[in-house]
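Below is one structure, written out as structure tokens; comments come after it.
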Amino acid sequence: MLGRRRVRSAFVVFTSALLTACASITAGNLFSHYSQQNAALYQATKNGQYQQAQALLPQESGAGEILDNFERGRVEFLAASYPQSKAALEISDNAIRVQQDKALVSISDTVTNVGAIAVNDNITEYVPADYELGFLHLYLALNYIQRNDLEGALVEVRRANQVQERAKQVREKELNSAQSQMKQQGLSPNLGSILSRYPDAGDTLKAVQNGYLLFLSGLLYEAEGDLNNAYIDYTRALTVAPNNQAIIDATIRVATRSSRRSDLAKLTKQYGQQPAMQKGQGRVIVIEEQSAVSAMQAWKLTLPIYDSRGNGALYSLALPYYPKSAVRSTSSIAIDGKLVKGDMLVDVNLMAQQQLTENMPSIILRQALRVYAKDQLRKGATNGKDDVGNLLFNVWNTLTEQPDTRSWQTLPQAAYGSSSLVKAGTHTAAVAGKSYTFEVREGQTTLVWVSSQGNNATIWHKQLGRM
């Protein structure tokens, strides 16, 4: 009887210490994972039920200040609640600044990581992936565009470009290796990589560099009249998406405007002459986001582990994975009754999967350490003989071993871009059963931004001036 009391007391002391030390521990984090907890919000967003998604946003910081406000900022933007979206994203941005300014090892982090070894990875502080940081600045920039604040938007794309450059530098060896393999296979670098001096690493580059962000950045620089930075970002976007007609058009347009004769000759040789804007025409650039990025799911396996005397317990292994999902190959918006041919700017699923692949070695290492730590805890509390104690530990191990499926799940699955010349005047866009009227001015460029999920869509437009 005394042994059983000791086991129960050990559990009470252990869990109380963890709950006191780790502010990020909740019942959800202990006994389920993020994709489970976030399932209703994720499905509502994916189905285009924006108001329902707003109502499902957590009132308390269950996943932490950074991730909770990522989700809130994105959902509020889809629901056209732009001030609330901007405020939420700024909270995430400020929390990330604090996180990045902290010492490499702090007392609170050490305590949390000790707890993670004994429980699961969900109680560690959430550190956003590079691609998520890029999207944070992208959506802040879109919020500024919504307010007609070009200067504020440019600040955000500059910050986003710093994130992109840092991501490239971190993965430089991998990108160079992929480029070398392509050359060995007889594949020559695409023109964008030559013009921008960027590595052409095929899908490897697409998995770490966001063509959507680079294209939007080029548009904003061009709207400001900064043709040099516009050209840099367009050529980088061309490296990521070498067959995207909107990017090709933009790169040739800026090469022409900035008198880059040598580059222009290479571009026209590769892609041919692009149609010039005629009198009475304006340009329409459509950026369309679609659906929602895949959410990580749980893979679990329960294994018995025995010592030399035959005493043992059951231990659950839990790892995150991305299920296979199909990405639509083109856009779905029609202008004046004609379907727009949009080419992919970014495959967010690919970026998310790349991040998980990079994280997997450390995830597996922590999993192995956790199995060992839990087994040592069991042996210390039961002396390897207490059947009731072993049963309690088996239950504890099974319930608390949850994979870390945290990620920004309301991001789009993919984004597409198109560029076309139309007559100046009033035009109508149709998407997901919605009709939207916008004005195109002669000699100027109009940006039409669309995000479609399920049978719903958010759509708005802005004038980008003479481009």
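Since every read-out is calculated from the coordinates, none of them should be taken as a lab result. Because the structure is a prediction, the values reported are computed rather than measured. FYI the Cβ positions are ideal-geometry reconstructions off the backbone, even for glycines, and counts take in every protein chain you see.
Over the Cα atoms of region 117-247, what Rg and Dmax result, in angstrom?
According to the Cα coordinates of region 117-247, Rg and Dmax are 16.6, 56 Å.
Using a ≥ b ≥ c from the Cα gyration tensor of region 400-446 (square roots of the eigenvalues), is it rounded, prolate or oblate, where a/c under 1.5 gives rounded and otherwise the larger of a/b and b/c decides, a/b for prolate? Mind showing how you got there, number by number?
Values: a/c = 5.04, a/b = 3.05, b/c = 1.65.
Since a/c reaches 1.5 and a/b is larger than b/c, the shape of region 400-446 is classed as prolate.
Show which lysines lie in cross-link reach of Lys173 when reach means a straight Cα distance below 18 angstrom and same-chain residues fewer than eight apart are skipped.
Filter leaves Lys183, Lys206.
Beyond 14 Å, how much of the Cα-Cα pair distribution for region 132-184 remains, as a whole percent? Each step should come with its number before you reach the end.
On the way: 823 of 1378 pairs.
For region 132-184, the share of Cα pairs beyond 14 Å comes to 60 percent.
Within 10 Å of each residue's Cβ, count the other Cβ atoms and sort Lys462, Lys102 from fewest upward.
Working: Lys462 19, Lys102 11.
Placing the least packed residue first, the sequence is Lys102, Lys462.
Considering the convex hull of the alpha carbon atoms of region 39-87, report its projected area averaged over all viewing directions, in nm², one decimal. It would help to have the intermediate numbers written out before the result.
On the way: hull surface 12.2 nm².
That works out to 3.0 nm².
Using the count of nearby Cβ atoms within 10 Å as a rough guide to exposure, how do Thr405, Thr428 rank from fewest to most? Before the final figure, lay out the partial values.
On the way: Thr405 25, Thr428 12.
Exposure proxy ranking, most exposed first: Thr428, Thr405.
Percent of Cα-Cα pairs per 10 Å bin, from 0 to the last occupied bin, for region 181-327, please list those.
Spelled out bin by bin, region 181-327 gives 9, 29, 24, 14, 9, 7, 5, 2, 0 percent.
Pull up all non-local amide H partners of Val293: gap of 5 or more, or a different chain, and H-to-H distance under 5 Å with H placed in the peptide plane.
Counting only residues 5 or more places away or on other chains, the set is Leu411, Gln413.
Ranked by Cβ crowding within 10 angstrom, fewest neighbours first, how are Ser32, Ser193 ordered? Present the calculation step by step, with values, prior to reporting the outcome.
Working: Ser32 17, Ser193 21.
Arranged by neighbour count, lowest to highest, Ser32, Ser193 become Ser32, Ser193.
For Lys86, give me every one of the lysines with a C-alpha distance below 22 angstrom, ignoring sequence neighbours fewer than eight places off in its own chain.
In chain and number order, the partners are Lys46, Lys462.
Where a Cα-Cα gap under 19 Å defines reach, which lysines qualify for Lys300, not counting those fewer than 8 residues away within the same chain?
Partners found: Lys324, Lys374.
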